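Okay, so here's the structure we're looking at.
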Amino acid sequence: MARTQDHPGEQAASDPIRLLAIRESELSVDEVFRAVGDDAAGGIALFVGTVRNHDGGQDVGALGYSCHPSAQDELRRVAEKVVADFPVRGLAAVHRVGELGVGDLAVVVAVACPHRAEAFAACRKLIDDLKHEVPIWKHQRFSDGTEEWVGAC
């Protein structure tokens, strides 16, 4: 059976951006997954970024995220670009700020689309653009006492 773009479920939803947040509280994969649910979505791609115990060959002892006051607006702009490029049925993105420990969730994004290939591509664009364009900075403190700032922009 050939795919047809005629069915409304093959098109982007009228208001697919369901959840966008930058918050200090712990993140929930379930919250993000539930936010993008849509009966017309045949695929949901979800990415979870966690704090790892090393970076650049060094042991990470602690880290924190901070953001510019425009970060929420920039996150919306990134989400709107994804929605413009893909038939998104549901989109959610949440990034944490504040002090985090190894294993904590730093970012959770998800995109629901009519088909899996679209969902994977849209989710990849969402996380890649978020990391490159939203002004959120990571302050890593290494176990040897050195530290570094890593920025999104």
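Listing for the model above:
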quantity	calculated
The chain, accessible surface, carbon-and-sulfur percent (1.4 angstrom probe)	49 percent
Solvent-accessible area per residue for the chain (1.4 angstrom probe, square angstrom)	53 Å²
Amide proton proximity set for residue 104, modelled H, under 5 Å, gap of 5+	51
Protection-proxy order for peptides 69-77, 118-126, each taking the mean of Cβ atoms within 10 Å per residue, highest first	118-126, 69-77
Dipole magnitude of the chain, debye to nearest 20 (Cβ charges: Lys/Arg +1, Asp/Glu -1, about Cα centre)	240 debye
Within the chain, helix-based [θ] at 222 nm, where runs of 4 or more DSSP H residues each add -39,500 (n - 2.57), nearest 500	-8500 deg cm²/dmol
Listed residues 62, 112, 41, most fluctuating in the chain (Gaussian network, C-alpha, under 10 Å)	62
Dipole-positive endmost among 100, 113, 68 within the chain (Cβ charges, Cα centre)	113
Formal net charge of residues neighbouring residue 20 (Cβ-Cβ distance under 12 Å; K, R +1; D, E -1)	+1
q = 0.12, 0.17 Å⁻¹, the chain: log10 I(q)/I(0) [Debye, one scatterer per Cα]	-0.52, -0.91
Anisotropy class of the range 1-79 from Cα gyration tensor, a/c 1.5 cut	prolate
Most to least packed among 141-150, 31-40 [average Cβ atoms within 10 Å]	31-40, 141-150
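The values are calculated or read from the model by the stated rules, or taken from the named source; none is laboratory data. Note that the structure is predicted; figures quoted are calculated from it, not measured. All Cβ positions, even for glycine, are placed from backbone atoms using ideal geometry, and neighbour counts span all protein chains on display. All accessible areas refer to the heavy atoms of the entire protein, side chains included, with ligands and DNA or RNA removed. Shrake-Rupley method; radii C 1.70, N 1.55, O 1.52, S 1.80 Å.
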